[in-house]
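Below you'll find the structure, written out as structure tokens, and then a few comments.
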Amino acid sequence: MVKDTKYYDILEVNPQAGENDLKKAYRKLALKYHPDKNPAAGDKFKEISHAYEVLSDPQKREIYDRYGEEGLLGDGSGGMGGMNAEDIFSQFFGGSMFGGGSSRGNTGPRKGKDLVHSLKVSLEDLYKGKTSKLALQKNIMCPKCDGRGGREGAVKQCSTCNGTGHKTVTRQMGPMIQRFQTICPECNGEGEQIRDKDRCKECKGKKTINERKVLSVYIDRGMKEGQKIVFNGEGDQGPNIIPGDVIFVLEQKEHHSFKRRDDDLYTVIKIDLITSLAGGKAFLQHLDDRYLEINILPGECIKPGEIKVVEGQGMPSYRHHDHGNLYIRFEVEFPRPHFISDPSNFSILEKILPPRTEQRIPSNAITEEVIINDVDPMQEARAEGAAKGGRGANGMAEDCDDDNAPPGVSCAHQ
């Protein structure tokens, strides 16, 4: 009687199943759950392959029947170890049934690693588009020996490991059989042997050489931070390897005037008091070097910190014809102290501007007249820092107050 029937249950056979029964069961389940046919069944496929590997080996099956999974832990077969599931499938069927090939050994090429690089770009580049020439170092198959590593006919498959690059060592330890793999000492894990005199002088037998490759990287209008530009198959080449991709990840540099959020732009413009009150023009240099002429109507009275929008003047949408919006926060610059030299001109201002707001205090309030004086910048900074709860380095106030800024906007100067 067997101690554990788990592996038999996975293959859907009874513990008395013979070799042919095991083969039929494995064939049926492997075809049903192979990842090339059923991508979501990768773990199930590995379970089936591992169960078949154990039960198809008479020695392993005997140990499993007597001791269960615990008995296999010492021989490299427990815990989903042992042979690769694709290798078992390939050996059983003589190659992939779905055209994909195995990912290990001599059953087919494997995909190489992708090479990922960060590419810093300006906001102007993302607005206008740009093509950059970027050089990188990569491995390519040696053109002198066509990637063989030596002259034609001189490269021999290692007779010790039969080209696998490793040896399987079996060791008897009482009732247990321990099996493990080591690197083949004859070929140092290469699976091939080349005499020194036959090695390629260009690649020294390594089959690949280093090459400098220049790529033209096109940054399309409207691309964003973190977006990827992929060059398929431009990664390192190597024996039995499908080259990976070269991937550039965009990293936007900070801009001195504009902030970006999705396809919208945010900026700050300073205007003088007369333009705020009586109207006028303000000019803004855009990311493509155009100057936007911003007309402020007489009497519009732009308040400090007020936000206006210019529709359709934001970032271009990636691979679309529309644009985001441009949001402008206005900072109103007041005139210097005592700019009116003739006191009679104050009466003119009194007539033009809205009337003063009447301030009312209780009739029995005690009043005291005080005089305000200028303070030096350091005192002013400390006073503002204290008022803001010490915000800023060393208790100093920040240079500007962004509380009224639209999202993503901080003070900037034109």
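Structural remarks
- Segment 162-174 residues that are surrounded by 15 or more Cβ atoms within 10 Å (Cβ to Cβ), paired with ones that are at pLDDT below 75 and of a type in the set (G, A, S) (beta carbon under 7 Å, 6 or more apart): T164/G105
- Within the set G314, G280, the sole residue that is surrounded by fewer than 18 Cβ atoms within 10 Å (Cβ to Cβ), small (G, A, S) and without any contact (Cβ under 8 Å) to a residue 60 or more places away in the chain turns out to be G280.
- When D289 is tested against the conditions (1) within 21 Å of I219 (Cα to Cα); (2) under 31 Å from the mean Cα position of the chain (by Cα); (3) in a loop (DSSP other than H, G, I, E, B), the lone failure is (2).
Yes/no per residue for (1) at pLDDT below 75; (2) surrounded by fewer than 16 Cβ atoms within 10 Å (Cβ to Cβ); (3) not assigned by TED's automatic domain parsing to the domain that holds T164:
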{"position": "V13", "(1), (2), (3)": "no, no, yes"}
{"position": "G18", "(1), (2), (3)": "no, yes, yes"}
{"position": "E47", "(1), (2), (3)": "no, no, yes"}
{"position": "S56", "(1), (2), (3)": "no, no, yes"}
{"position": "R66", "(1), (2), (3)": "no, yes, yes"}
{"position": "G99", "(1), (2), (3)": "yes, yes, yes"}
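- One residue from G105, G76 being over 26 Å from D21 (Cα atoms) and at pLDDT below 85: G105
- The set of residues in segment 270-286 that are within 25 Å of P354 (Cβ to Cβ) and part of a strand (DSSP E or B) comprises K270, I271, D272, G280, K281, A282.
- All positions within segment 300-318 that are out of contact with any Gly (no Cβ under 7 Å at 6 or more places or on another chain) and part of a loop (DSSP other than H, G, I, E, B): C301, I302, K303, P304, G305, E306, E311, G312, Q313
- I209 satisfies every condition listed in (1) part of a loop (DSSP other than H, G, I, E, B); (2) out of contact with any strand residue (DSSP E or B) (no Cβ under 6 Å at 6 or more places or on another chain) except (1).
- Residues satisfying the stated conditions in segment 300-324, i.e. within 18 Å of D125 (Cα to Cα) and in contact with a strand residue (DSSP E or B) (Cβ under 7 Å, 6 or more places away or on another chain): Q313, G314, M315, P316, S317, H323, G324
The values are calculated or read from the model by the stated rules, or taken from the named source; none is laboratory data. Note that this is a predicted model, so its numbers are computed, not measured. Cβ coordinates were reconstructed from backbone atoms using ideal geometry, including for glycine residues, and neighbour counts include every protein chain displayed.
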